[in-house]
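**Q** Submitted below is the structure of interest, expressed as structure tokens.
Each value in this text was obtained by applying a stated rule to the coordinates, not by laboratory testing. The shown structure was predicted, so the numbers you read here are calculated from the model rather than taken from an experiment. Here the Cβ positions follow ideal geometry from the backbone for every residue, glycine too, while neighbour counts run over all protein chains shown.
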Amino acid sequence: MRRGGAVRGAGAILLLAAGVAAGCGYSFSGSSLPSHLRTIAVPIFRNESLDPTIAEEVTRGISDRFLEDNRLKVAREATADCLLEGRVLYYERKVYGYTADQDPETYIVVVRVAVVLKDRVKNRDLWSNERLEATATYPASGASGGGLPANEAEARQEAIKTLAQDILAHSLEQW
């Protein structure tokens, strides 16, 4: 009887350990940015693409993402602790897939940027990426299904949203 109790006790410990291990998943508890950085400015990106409005759309999408997240407060450039500078390098819409008759079936939009996050308090670069890219596809027919964008404008916004999320993650998490 004594041996059975020891086995049950060991089994209980193993179950407890397994339960603790299963509960030890990844959790995000804030930001890895230095504590002196509380505000960010996102000036309008320079436009090196052939699309005349893409830089403003990208800048607005990134600013909106920082506003939604709210771990870094969006501020004016003159007063911000850090500065996110960027350039839109490339924007393109092209055929992504064809039907059996060689008609366009899907299109893809590609947005590529170069960005740098600067610590203005300590006068240093925190991170940079000279080729950050996001894409989104949409059907040539304009019919959307399964949450996919229905047209170029929607796909463009989806790609910008992805870029903004990537930039936010680079800025607030391990860099």
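**Q** Which whole-Hz ³J(HN,Hα) couplings does the range 106-121 yield from phi under the Karplus relation 6.51 cos²θ - 1.76 cosθ + 1.60, θ = phi - 60°, glycine and proline marked x?
**A** Computed from phi, the couplings for the range 106-121 are 9, 10, 10, 10, 10, 10, 10, 10, 10, 9, 9, 9, 10, 7, 7, 6 Hz.
**Q** Dipole size in debye (nearest 20) for the range 37-172 around its Cα centre, Lys and Arg Cβ +1, Asp and Glu Cβ -1?
**A** 780
**Q** While we're on this one: Taking just the alpha-carbon atoms of the range 58-125, what radius of gyration and Dmax come out, in angstrom?
**A** Computed over the Cα atoms of the range 58-125, radius of gyration and Dmax are 18.3, 59 Å.
**Q** Hey, another quick one. Once amide H atoms are placed 1.01 Å from N in the peptide plane, what residues at a sequence separation of 5 or more from F45, or on another chain, have their amide H within under 5 Å of its amide H?
**A** T59
**Q** To the nearest 0.05, how large is the calculated FRET efficiency for Q102 and K161 if R₀ is 25 Å and r is the Cβ-Cβ distance?
**A** Result of the calculation: an efficiency of 0.20.
**Q** Another question about this same structure. Which of the lysines could a cross-linker span from K118 if the Cα-Cα distance has to be under 20 Å and same-chain partners fewer than 8 positions apart are dropped?
**A** K73
**Q** Once amide H atoms are placed 1.01 Å from N in the peptide plane, what residues at a sequence separation of 5 or more from W127, or on another chain, have their amide H within under 5 Å of its amide H?
**A** So W127 has HN proximity to L117.
**Q** Now for a separate question. Give the lysines whose C-alpha is closer than 29 Å to that of K94, dropping any in the same chain fewer than 8 places away, or say none.
**A** K161
**Q** Right, here's the next one. Could you tell me how many cubic angstrom of Cα convex hull volume the range 37-172 has per residue?
**A** In the range 37-172, the Cα hull volume divided by residue count equals 106 Å³.
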